[in-house]
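The next block holds one structure in the form of structure tokens; read it before the comments.
Every read-out reported here was derived from the displayed coordinates using simple, explicitly stated rules and does not represent laboratory data. This structure is a prediction, so every number in the text was calculated from the model and none was measured. Cβ atoms come from the backbone with ideal geometry, glycine included; neighbour counts cover every protein chain shown.
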């Protein structure tokens, strides 16, 4: 895979063991699990590097607090109701030297405004247009390498004042609590939280995709399905006959348990969220990619098709979601893409209340292919490396050493 069109990176930061911060503010975005996993990977690298001496102050990131508490983030504060002066005083009380912020542009810019230097982590640099808020002036901007950058995002990235390219960001591999369990599958849903979705539209997506995938699992002889994501497994909207024929468990799992479920699964069907795709690849597990819900997932699924194998990627059938149109008109922004896709998903769910037969066939075909070919997602990390978390810490330490 040839990488092209990337704005010139800064010189790589040199590892430093003398500039360990005593206190950091940390934050992700508030709409999903992706930034939480990324932040957990970076915090894990900081703690390993500094033997757990750094204190962390968590800001906002409500959905991720239970996960991040397991990474020694015990002090939390909400900033939405604080004035700039109150935020500045909060950081001073906790002796915060800098902040690591993942995919929360608004908070990153606000922290810089009150005098707190920010190391910003962006895993989707290929997506941005003038329609999105990008914190171009933060102290250090760490963009995760990707196979290629569409020309549409070049002007935005050229405006970043301190751009550093890093490898893919994933946490350490777990030590599985046991061997792979025959007949066990994981069904992972990501991307369910967004300002542009409603409870009804999310339920429509879950009903269409879970019905299709559970039907495929049953046809392929799987007996146990662990459902993961920000949802309750026992409330998954699937037909009663499927629910009674399969042993379904799971739900909102702690990160270590989630990774262990992945490591011991015979196969994984997952939404095309970048962090989870990379984690599955690092574990060497075979996988199937579920239909996307937003623009970033369309692009990540396309990457799997290009680098791994298109036969394990399930797309929306004709007459449901027009993925090609979303990709063609991506310049209209992510919010437009999400609203449009979920509108089409809701319409499809109303048209096919018992599920889309063609979608179930596509899921079954992809599942059978992945099992037969032993197709894993490992090639995704091979393209750009997977040491991004350590590289972010190097950049943080390099800045603190020079400050």
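Assorted remarks:
- Peptide packing: for 97-110, 357-370, the average count of neighbouring Cβ atoms within 10 Å per residue gives the ranking 97-110, 357-370, highest mean first.
- Counting only DSSP beta bridges whose two residues both lie in the chain, roughly 0 percent are antiparallel.
- Summarising the strand pairing of the range 181-382, around 5 percent of its internal DSSP beta bridges are antiparallel.
- Share of Cα-Cα pairs in the range 181-382 lying beyond 27 Å, as whole percent: 22
- Counting only DSSP H runs of at least 4 residues, each contributing -39500 (n - 2.57), and dividing by the residue count of the chain, the helix-based mean residue ellipticity at 222 nm comes to -12500 deg cm²/dmol.
- Per-residue Cβ neighbour counts within 10 Å put 238, 268 in the sequence 238, 268, beginning with the fewest.
- Highest-first packing order for the peptide set 43-52, 270-279, 295-304 is 270-279, 295-304, 43-52, based on the mean count of other beta carbon atoms within 10 Å.
- Relative exposure of 192, 187, 39, 262, judged by other C-beta atoms within 10 Å (fewest first): 192, 262, 187, 39
- Calculated over the range 74-152: convex hull of Cα atoms, volume per residue (Å³): 107
- Here the translational diffusion coefficient of the range 199-244 follows from Stokes-Einstein with Rh set to the Kirkwood radius across Cα pairs; for 25 °C and 0.890 mPa s it amounts to 221 µm²/s.
- In terms of surrounding Cβ atoms within a 10 Å radius of their Cβ, 213, 127 rank from fewest to most as 127, 213.
- Divided by 2.2 N^0.38 Å, where N counts the residues, the Cα radius of gyration of the chain comes to 0.97.
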